[in-house]
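Down below is the structure, laid out as structure tokens.
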Amino acid sequence: MRTGEVPADWRNQRIAVQATFLPSELLPTTRFLDVEASKTRRELEKELAQLLAYYGYTELDVPTVRGGDRRITRWIGKWAFDLRGDDGAPVFAGIRYLSRLNTDWECWAVFHDVEIKELSRQPIERGHPALTEIAREFDLTVF
């Protein structure tokens, strides 16, 4: 395969699943930390101030949150995963953020202990609308 080509095998090894998140005994919330909200970033700046300074950041802005320095994003994830409410239960089910490649794409990082209810499942056909749209945007040829 040449650069920009997506082999049929890639599609055949994957499925498209639509799902929803369910509260459970272990995780009674389906609340997600929204790192796109400036209020959230200001709070994280306070909570992670020493860490940010250690890595040379004076603020937690959008480019930092969406940037390539995974040390920061991993620490944000760890903070959100470890945060507990007064009852000892996790506060967040995961993190919501926008893609650095296209801010029209909303991304959800779901923590491993979140119960997921599958709503639908379908093979990824060559003409799948979402795949076609992505292929067009990134000039890919799908086989």
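Miscellaneous remarks
- Selection from the stretch 14-27 of residues that are over 21 Å from Phe138 (Cα atoms) and part of a loop (DSSP other than H, G, I, E, B): Pro23, Ser24, Glu25, Leu26, Leu27
- Enumeration of residues in the stretch 51-64 that are part of a helix (DSSP H, G or I), over 16 Å from Ser99 (Cα atoms) and hydroxyl-bearing (Ser, Thr, Tyr): Tyr54
- Total residues in the stretch 127-143, condition in a strand (DSSP E or B) and among the hydroxyl-bearing types (Ser, Thr, Tyr): 1
- Within the stretch 29-47, the set of residues being within 15 Å of the chain's Cα centre (by Cα) and small (Gly, Ala, Ser) comprises Ala37 only.
Condition check ((1) farther than 16 Å from Glu5 by Cβ; (2) acidic (Asp, Glu)) across all residues:
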site: Tyr97; (1), (2): yes, no
site: Val110; (1), (2): yes, no
site: Ile116; (1), (2): yes, no
site: Leu119; (1), (2): yes, no
site: Gln122; (1), (2): yes, no
site: Glu125; (1), (2): yes, yes
site: Val142; (1), (2): no, no
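- Ala16, sole failed condition from (1) more than 16 Å from Phe81 (Cβ to Cβ); (2) touching an Asp or Glu at 6+ places or on another chain (Cβ under 8 Å): (2)
- Candidate set: the stretch 8-30, residues that are in contact with a Pro (Cβ under 9 Å, 6 or more places away or on another chain) and at pLDDT 90 or above; chosen: the one farthest from Trp108 (Cα to Cα): Asn12
- Evaluation of Asp61 against (1) farther than 24 Å from Glu137 by Cβ; (2) in contact with a Leu (Cβ under 9 Å, 6 or more places away or on another chain) (one fails), failing number: (2)
- Among residues of the stretch 71-96, those that are at pLDDT below 90 and either within 13 Å of Leu44 (Cβ to Cβ) or among the aliphatic types (A, V, I, L, M) (or both), counted: 1
- Of the residues making up the stretch 65-96, those that are free of Cβ contacts under 8 Å to residues at least 12 places away in the same chain and in a helix (DSSP H, G or I) number 5.
Residue-wise test of (1) surrounded by 16 or more Cβ atoms within 10 Å (Cβ to Cβ); (2) in contact with an Asp or Glu (Cβ under 7 Å, 6 or more places away or on another chain); (3) among the aliphatic types (A, V, I, L, M); (4) not assigned by TED's automatic domain parsing to the domain that holds Arg31.
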| residue | (1), (2), (3), (4) |
| --- | --- |
| Tyr57 | yes, no, no, no |
| Val62 | no, no, yes, no |
| Arg70 | no, no, no, no |
| Arg74 | no, no, no, no |
| Asp87 | no, no, no, no |
| Tyr97 | yes, yes, no, no |
| Glu118 | no, no, no, yes |
| Gln122 | no, no, no, yes |
| Glu133 | no, no, no, yes |
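- Within the stretch 97-126, if we keep just the residues that are assigned to a strand (DSSP E or B), acidic (Asp, Glu) and farther than 19 Å from Gly67 by Cα, the residue that is modelled with the highest pLDDT turns out to be Glu118.
The values are calculated or read from the model by the stated rules, or taken from the named source; none is laboratory data. This is a predicted model, so every value here is computed, not measured. Every residue, glycine as well, gets a Cβ built from its backbone with ideal geometry; the counts of neighbours run over all protein chains shown.
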